Structure formats: structure tokens, C-alpha cells
Amino acid sequence: MGLKYILALSFCISLIPSILRAQDTSDSVKVISDIQDSLVVATKEAIEVVIDTLENRPNTAALYSAALPGLGQAYNKKYWKIPIIYGGGMVIGYFLNYNHQLYKQYRDGLIALIDQDDRTQPFDPRLDEKDYQRAVDYWRRNRDLLMIGVVFLYVMNIVDAHVDAHLELFTIEDDISLNLEPSFDQTAMHTSIFGLSLKLKFN
């Protein structure tokens with residue numbers, strides 16, 4: 001009876017290191033998991049800080065407007081500019097399509113006039129080849145200029161978002177003053193000159 005008790009006690013004692021190792025492993029995994037979670041949270045916070053810094057806002061606004069016109073203006077909270085951008089785009093798009101249709105019409109008329117095919121007739125037989133060529137050149141030039149206008153509007157959308165966000169870095173403080181003051185000076189001939197001077201002071 002005493003021998004069985006001793007063997008059972010010895011067996012229990014031999015299991016203690018395994019239990020401790022398992023507990024240590026579990027604690028280590030938990031600590032590592034906590035560290036990883038902390039790193040993820042810290043990384044997210046760092047990214048948010050980088051994006052939201054005032055110095056980084058101009059570049060962010062420009063990228064937004066480059067991805068989608070008007071999005072940079074929304075980022076700058078200048079929502080009233082968005083209808084202007086899209087309204088201007090719609091007006092340019094309308095006239096671009098109008099000029100393109102007329103260009104195709106006169107181009108097809110010119111081709112029908114000079115192709116020597118009786119089955120094709122120009123839409124206006126009163127015009128000669130020079131008239132058609134002049135009209136083709138005119139409407140094509142207008143169409144190309146409007147295409148440039150679309151690109152210009154897109155670029156200005158980006159520039160506006162960038163500049164608008166950049167202006168947030170500048171503030172007008174109370175210690176800045178612009179004053180108009182009388183001035184007095186003497187020339188080389190020792191004659192006096194009176195006038196006004198505009199002075200910008202940083203107090």
C-alpha cells in the first residue's frame with residue numbers, strides 16, 4: 001500500500017514540469033498575440049496621423065481630385081465647387097459633341113463629293129470642294145480646342161484642390177497690419193519730397 005502511494009506521488013510530480021511548460025507556452029502565445037494587436041493598432045494610428053496632418057493635406061487633396069474630379073474639393077469641404085466642375089464639364093462636353101457631329105457631317109459630304117461614286121451624294125450640293133474642306137477644318141479645330149478644354153478643366157480641378165488645401169497652412173494673425181502712412185524724403189539736390197507709403201508690419 002505504501003509502495004503504490006509512493007509511485008502515484010512520483011507520477012504526479014513528474015507531470016508538474018509538463019504542465020508548467022504548457023502554461024508558459026500559453027502565456028507566451030497570449031503575450032505575442034497582445035503585442036501583435038498593439039502593433040496593428042499603433043500602425044493604424046500612425047497611418048491616420050500621417051494622412052490627417054495639415055502639411056500632407058494638399059497632396060492628399062490633389063490625389064483625390066486626380067482620381068475623381070470634385071473629390072478633392074469635397075475633402076477640403078468646399079462642396080459648392082463640385083457643381084461648378086461638373087457643370088463646366090457638361091457644357092464643354094455638349095459643345096464637343098456638337099462640333100464633332102458637324103465635323104463628321106462635312107467630312108462625309110467632302111468624301112461623297114470627291115469619291116466619283118454616283119451612289120453617294122453630299123448632303124448640300126450647293127457647296128463645292130473648297131467649301132466642304134473649309135468647314136471640315138473649322139469644325140475639327142473647334143472640336144480639338146474643346147478637347148484641350150476638357151484636359152484644362154481636369155488639371156485645374158487638381159490645382160484648385162491642392163492650392164485650396166495648401167492655403168489652410170497660412171493664417172492671418174492679429175499682429176499683422178497693413179498701413180498707409182505719409183512719407184518724407186530728400187533727393188540728392190536737397191529738395192524735400194512728400195508722399196504716401198504702404199507698410200506691412202509684423203508686430
If we ask which residues in the range 94-122 are surrounded by 14 or more Cβ atoms within 10 Å (Cβ to Cβ), polar (S, T, N, Q) and closer than 13 Å to D144 by Cα, their number turns out to be 1
Taking G87 and the conditions (1) surrounded by 13 or more Cβ atoms within 10 Å (Cβ to Cβ); (2) within 29 Å of E168 (Cα to Cα), which numbered condition does it fall short on, given that it satisfies the others? (1)
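Quick note: the coordinates plus some simple rules give every number you see, no bench work behind them. Worth saying up front: this structure is predicted, and the values here are computed from it rather than measured. Glycine also receives a Cβ, built like all others from the backbone with ideal geometry; neighbour counts cover every protein chain displayed.
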